[in-house]
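The values are calculated or read from the model by the stated rules, or taken from the named source; none is laboratory data. Only a predicted model underlies this, so the values are computations on that prediction, with no experimental measurement involved. Every residue, glycine among them, receives a Cβ derived from its backbone with ideal geometry; neighbour counts consider all protein chains shown. Areas reflect the complete protein model, heavy atoms only, side chains present, ligands, DNA and RNA absent. Shrake-Rupley method; radii C 1.70, N 1.55, O 1.52, S 1.80 Å.
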Amino acid sequence: MVTVEFAASLRRHVECAPQSVAAGSLRTALHAALAAAPELAHYVFDDQGNIRKHVAVFVNKHMLADRTRLEQPLGNGDSVLVIQALTGG
């Protein structure tokens, strides 16, 4: 199983406990986790199905660089953290 967790900055909009989902691609893991809180999907994905610019995704503590290619495989024991990436000055 893969653990997918949404940071508090996203959970303040819609509560979603950490999810254990089947191993597969990153995209399928995110969609499976979002099934528990479908209202969060529009915070995470844009209209083309890519990760939004204001969202950062970490796989096993490594930040995802490509927001469009989400087909990398995840295996049992992997973890995904989705956070709201804040910018400003």
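In this structure, does E15 turn out to be in contact (Cβ under 8 Å) with a residue 24 or more places away in the chain and acidic (D, E)? It is false that E15 is in contact (Cβ under 8 Å) with a residue 24 or more places away in the chain and acidic (D, E).
Listed here are the residues, each with its yes/no results for (1) within 20 Å of M1 (Cα to Cα); (2) open to solvent by 80 Å² or more (accessible area, probe 1.4 Å); (3) in a strand (DSSP E or B); (4) not charged (D, E, K, R).
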site: H31; (1), (2), (3), (4): yes, yes, no, yes
site: A41; (1), (2), (3), (4): no, no, no, yes
site: D47; (1), (2), (3), (4): no, yes, no, no
site: D66; (1), (2), (3), (4): no, no, no, no
site: L81; (1), (2), (3), (4): yes, no, yes, yes
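Residues of region 4-18 that are open to solvent by less than 60 Å² (accessible area, probe 1.4 Å) and at pLDDT 95 or above: V4 alone. Is it the case that region 71-79 has a residue that's part of a strand (DSSP E or B), of a type outside the set (K, R), open to solvent by 30 Å² or more (accessible area, probe 1.4 Å) and farther than 16 Å from A7 by Cβ? Scanning region 71-79, I find at least one residue that is part of a strand (DSSP E or B), of a type outside the set (K, R), open to solvent by 30 Å² or more (accessible area, probe 1.4 Å) and farther than 16 Å from A7 by Cβ, so the answer is yes. Taking the criterion of being open to solvent by less than 30 Å² (accessible area, probe 1.4 Å) and either in contact with a Lys or Arg (Cβ under 9 Å, 6 or more places away or on another chain) or outside any strand (DSSP E or B) (or both), the residues of region 51-63 that qualify are I51, V55, V57.
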